[in-house]
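Here the structure comes first, spelled out in structure tokens, and everything after it is commentary.
The values are calculated or read from the model by the stated rules, or taken from the named source; none is laboratory data. Keep in mind it's a predicted model, so treat the numbers as computed, not measured. Cβ sites come from the backbone with ideal geometry, for glycine too, and all protein chains shown count toward neighbours. Remember, those area values only see protein heavy atoms, side chains included, never the ligands or the DNA or RNA. Shrake-Rupley method; radii C 1.70, N 1.55, O 1.52, S 1.80 Å.
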Amino acid sequence: MLNRRAFTLIELLIAITLVGMILLTISAVDIASRKFLNTADYESRVQNEVSPILEMIAKDITLGYGNDNNPGLYVPASTEVEIRRLDAASPPRYDIFTDDPWVRYRYDSSTHSIIKDSCTGSLSRCGTWGGPETLANNISGCSFIIGIDPTLNKNLYVTIAITALRDASISADINKNPQVILQTRVAARSQSIH
């Protein structure tokens, strides 16, 4: 009689089951990590698109110029801000506002975008805006809020909050359409906020 060493059917089934469980665990970890990496990638792309716009608006607010009688920064609605920048004349003329350019940033909810408008010199607030330029799309919300110091009874800063999605036309989904909220607080160089 030959003494052969072979696997029984039960041993073979146990080995296949163990290998299957190991492969299933590895594939589950792989799928979860790919979802996490995709979500992180989507969030970073949205943040990279919106962050420069937030910085641009903040920089223009810091360059806003005016005085108590003729302020250079207005927040007429919670979704827009108007800023008068000091003229580029050398040396700048601090008491003459008619040659100062204005810029307006506004959120358009119908197109899910932030738009920049320009206006040439005006003694007070600009009446006719022109040259609209779309700066960012897929914005689901944008707000500008004036911060007031009650002890001084003065407007001291503007809080800017921008909410963006990978695709603003559909609702937020943590995996496929993550929401990114960027916020900052900015003070103008002079206390000319109204």
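The set of residues in the stretch 41-70 being without any contact (Cβ under 8 Å) to a residue 24 or more places away in the chain and either of a type in the set (S, T, N, Q) or on the phi > 0 side of the Ramachandran plot (or both) consists of S44, N48, N69.
In the stretch 139-161, what count of residues is obtained for those that are at pLDDT 90 or above and either among the β-branched types (V, I, T) or surrounded by 19 or more Cβ atoms within 10 Å (Cβ to Cβ) (or both)? Step through it out loud before you land on a result.
Filtering the stretch 139-161 down to residues at pLDDT 90 or above leaves 139-145, 159-161.
Filter again for either among the β-branched types (V, I, T) or surrounded by 19 or more Cβ atoms within 10 Å (Cβ to Cβ) (or both), leaving 139-140, 142, 144-145, 159-160.
Final tally of qualifying residues: 7.
P92 fulfils the conditions (1) surrounded by 11 or more Cβ atoms within 10 Å (Cβ to Cβ); (2) modelled with pLDDT of 85 or more except for a single criterion, (2). Within the stretch 58-74, which residues are part of a helix (DSSP H, G or I) and surrounded by 23 or more Cβ atoms within 10 Å (Cβ to Cβ)? If the condition is that a residue be part of a helix (DSSP H, G or I) and surrounded by 23 or more Cβ atoms within 10 Å (Cβ to Cβ), then I61 is the only one that fits.
Check the stretch 35-53 and report whether any residue there is loosely packed, with under 11 Cβ neighbours inside 10 Å, over 30 Å from the mean Cα position of the chain (by Cα) and at pLDDT 85 or above. Checked against the condition, which is being loosely packed, with under 11 Cβ neighbours inside 10 Å, over 30 Å from the mean Cα position of the chain (by Cα) and at pLDDT 85 or above, the stretch 35-53 yields no hits at all. All told, T62 meets the bar of being modelled with pLDDT under 90 and closer than 20 Å to Q183 by Cβ. Residues of the stretch 162-175 include none that is part of a loop (DSSP other than H, G, I, E, B), among the polar types (S, T, N, Q), modelled with pLDDT of 90 or more and open to solvent by less than 50 Å² (accessible area, probe 1.4 Å). Pairs linking a residue in the stretch 12-40 that is hydroxyl-bearing (S, T, Y) to a residue that is surrounded by 10 or more Cβ atoms within 10 Å (Cβ to Cβ), with Cβ atoms under 7 Å and 6 or more positions apart or on different chains, are T39/I174; T39/N175; T39/P178.
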